[in-house]
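Visitor: Here you go, one structure.
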Amino acid sequence: MQHVAVIAGATGAAAKRLVEVLLADPAWEVVGLCRRPPALKRERLTYIACDLTDAASTRLALARTPQATHLFYTARAQFSDASIGVEDVAGNRAMLQNLLDGAEAACPGLQHVHLVEGTKWYGMHLGAMRLPAHEDDPRHMPPNFYYDQQDLLSGRAEGKRWTWSASRPGFLYDFAPERPRNLVPLIGAWAGICAELGLPLDFPGKPACYDALMEATDATQLARGMKWMATASAARNEPFNVTDGGLFRWSRLWPKIARLYGLECGSPRPLNLGRWMADKGPLWETIVKHHNLVAQPMEAVVTWNFGDFLWGLEHDVVSSMTKSRLAGFHDTIDTEARILAHLQRYREARLLP
Ligand SMILES: NC(=O)c1ccc[n+]([C@@H]2O[C@H](COP(=O)([O-])OP(=O)(O)OC[C@H]3O[C@@H](n4cnc5c(N)ncnc54)[C@H](OP(=O)(O)O)[C@@H]3O)[C@@H](O)[C@H]2O)c1
């Protein structure tokens, strides 16, 4: 096999499509690491159970993959304080360090290590950010675990045979029924509930968000970007933004969603969704029956708190794709069309009304 990828966090949002994109190329074999590997059998794909917070467990897992040529780090530690947007710096850094220690000890043919970061590098979650965000913009006031992880990775790569890269995607979205924290079911569940109640499709976020310039990253787009970074010489030892390549506004997309659901398009009317939708479980059960959906509780389909974050942003979110394009990554996705296509796929699978 030409390339053997070890993906740490292989079942997560950032990695699911990476597994597919790599396996679509016969030159790649994939080994996925996570604590709860799926019982999935597929050619050129194996999973190894591993707890990245445990150095010994990680060392043992990597000792089983001495042929690894590429590492992709797409895991994340448990969120520590969601209320102020601070994630666990020490925990996230230690997980990456355990992986690097294990790989350097066991994988003599290691060529490249890729790290997934995100637009939070630019403080997108903290308020207005410098726009468009460029990869070499000054950092915001720490803590930000991406800074510690990238510093660790770039420092470790110095003087080594292997190189590194990092991707900075925006909001990831996908057809991912196993993942309720995803903007596609958020839109579909909201629209389905509005339809059931005979309401117009209001926008339940901040008025400034409705008209803000936004970006997002389809999970397959990120996967293609990661594969490119891991193999292109122009991407060595550099971070790159990876968005769909264009921008959108909720105010432009909203009438299209209203049309898809046969609803009148409403206007921005902010709600705290986490609180306001807490009593909608019984209504969801009615919708499930009414539309003959796969029976599952509303919380398994949609995470309303995520909507409060996504639709509570009152500033533009724009990352420059110039560096990626000049270095050779040209894939582009029409975000509006792709969101609508994913919605349609959920509906066809009877997961959303
Ligand atoms: N999701 C987004 O919208 C988004 C957007 C931009 C950037 N990002 C970034 O992408 C990175 C990955 O996030 P994600 O959203 O893809 O995470 P996720 O969906 O929560 O997936 C995390 C993955 O890591 C594994 N994992 C977690 N703890 C582990 C441990 N102790 N040992 C081994 N494996 C472990 C999980 O599997 P097990 O639970 O089975 O261990 C899972 O495969 C993060 O840096 C995040 O900030 C995400």
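Visitor: Specify which of the listed residues (GLU348, GLU336, GLU299) is closer than 27 Å to ARG224 by Cα and open to solvent by 40 Å² or more (accessible area, probe 1.4 Å). Outline the logic, then answer.
Guide: Numbers: GLU336 fails: open to solvent by 40 Å² or more (accessible area, probe 1.4 Å); GLU299 fails: closer than 27 Å to ARG224 by Cα.
Of GLU348, GLU336, GLU299, the one residue that is closer than 27 Å to ARG224 by Cα and open to solvent by 40 Å² or more (accessible area, probe 1.4 Å) is GLU348.
Visitor: Filter the range 326-343 for residues that are in contact (Cβ under 8 Å) with a residue 40 or more places away in the chain and part of a helix (DSSP H, G or I) and give the result.
Guide: Selection gives ALA327, THR335, GLU336, ARG338, ILE339, LEU340, HIS342, LEU343.
Visitor: Another question, then. Quick check: anything in the range 207-219 open to solvent by 10 Å² or more (accessible area, probe 1.4 Å), in contact (Cβ under 8 Å) with a residue 40 or more places away in the chain and of a type in the set (S, T, N, Q)?
Guide: So the first thing to find is which residues in the range 207-219 are open to solvent by 10 Å² or more (accessible area, probe 1.4 Å), and the list is 207-208, 210-211, 213.
Now restrict to residues that are in contact (Cβ under 8 Å) with a residue 40 or more places away in the chain: 207-208, 210-211, 213.
Right, trim to of a type in the set (S, T, N, Q) and you get none.
No, because not a single residue in the range 207-219 is open to solvent by 10 Å² or more (accessible area, probe 1.4 Å), in contact (Cβ under 8 Å) with a residue 40 or more places away in the chain and of a type in the set (S, T, N, Q).
Visitor: What number goes with the only condition from (1) within 14 Å of the ligand (Cβ to nearest atom); (2) crowded, with 18+ Cβ neighbours inside 10 Å that PRO132 does not pass?
Guide: Of everything listed in (1) within 14 Å of the ligand (Cβ to nearest atom); (2) crowded, with 18+ Cβ neighbours inside 10 Å, PRO132 misses just condition (1).
Visitor: If you go through the range 36-49 one residue at a time, do you hit one that is without any contact (Cβ under 8 Å) to a residue 24 or more places away in the chain, open to solvent by 70 Å² or more (accessible area, probe 1.4 Å), near the ligand (Cβ under 8 Å from one of its atoms) and over 30 Å from HIS140 (Cα atoms)? Break it down into steps so the answer makes sense when it comes.
Guide: Just the residues of the range 36-49 that are without any contact (Cβ under 8 Å) to a residue 24 or more places away in the chain, to begin with: 39-43, 46, 48-49.
Next, from what is left, pick out any that are open to solvent by 70 Å² or more (accessible area, probe 1.4 Å): 39-43, 46.
Applying the additional criterion that residues be near the ligand (Cβ under 8 Å from one of its atoms) yields none.
No, every residue in the range 36-49 fails to be without any contact (Cβ under 8 Å) to a residue 24 or more places away in the chain, open to solvent by 70 Å² or more (accessible area, probe 1.4 Å), near the ligand (Cβ under 8 Å from one of its atoms) and over 30 Å from HIS140 (Cα atoms).
Visitor: So, one more: Residue check, LYS280 against (1) over 21 Å from the mean Cα position of the chain (by Cα); (2) closer than 23 Å to ALA208 by Cβ; (3) surrounded by 15 or more Cβ atoms within 10 Å (Cβ to Cβ), all met but one. Which one?
Guide: Among (1) over 21 Å from the mean Cα position of the chain (by Cα); (2) closer than 23 Å to ALA208 by Cβ; (3) surrounded by 15 or more Cβ atoms within 10 Å (Cβ to Cβ), the lone unmet condition for LYS280 is (2).
Visitor: Is at least one residue of the range 153-162 more than 20 Å from TRP304 (Cβ to Cβ), within 14 Å of the ligand (Cβ to nearest atom) and not hydrophobic (A, V, I, L, M, F, W, C)?
Guide: Scanning the range 153-162 turns up no residue that is more than 20 Å from TRP304 (Cβ to Cβ), within 14 Å of the ligand (Cβ to nearest atom) and not hydrophobic (A, V, I, L, M, F, W, C).
Visitor: Only one of ALA68, ALA105 is more than 14 Å from the ligand (Cβ to nearest atom), at pLDDT 95 or above, touching a Lys or Arg at 6+ places or on another chain (Cβ under 9 Å) and not assigned by TED's automatic domain parsing to the domain that holds LEU310; which?
Guide: On the way: ALA68 fails: touching a Lys or Arg at 6+ places or on another chain (Cβ under 9 Å).
The unique qualifying residue is ALA105.
Visitor: Next question. May I ask you to verify whether LEU115 is in a helix (DSSP H, G or I) and within 14 Å of the ligand (Cβ to nearest atom)?
Guide: Working: in a helix (DSSP H, G or I): no; within 14 Å of the ligand (Cβ to nearest atom): yes.
No; evaluated as a whole, the condition is false for this residue.
Visitor: Over 26 Å from LEU183 (Cα atoms), in the same structural domain as MET226 (by TED's automatic domain parsing) and open to solvent by 40 Å² or more (accessible area, probe 1.4 Å): which single residue out of LEU60, LEU23 fits that description? Working first, answer last.
Guide: Values: LEU23 fails: open to solvent by 40 Å² or more (accessible area, probe 1.4 Å).
None of the other options fit; the residue is LEU60.
The values are calculated or read from the model by the stated rules, or taken from the named source; none is laboratory data. These numbers come from a predicted model, not from an experiment. Every residue, glycine among them, receives a Cβ derived from its backbone with ideal geometry; neighbour counts consider all protein chains shown. Remember, those area values only see protein heavy atoms, side chains included, never the ligands or the DNA or RNA. Shrake-Rupley method; radii C 1.70, N 1.55, O 1.52, S 1.80 Å.
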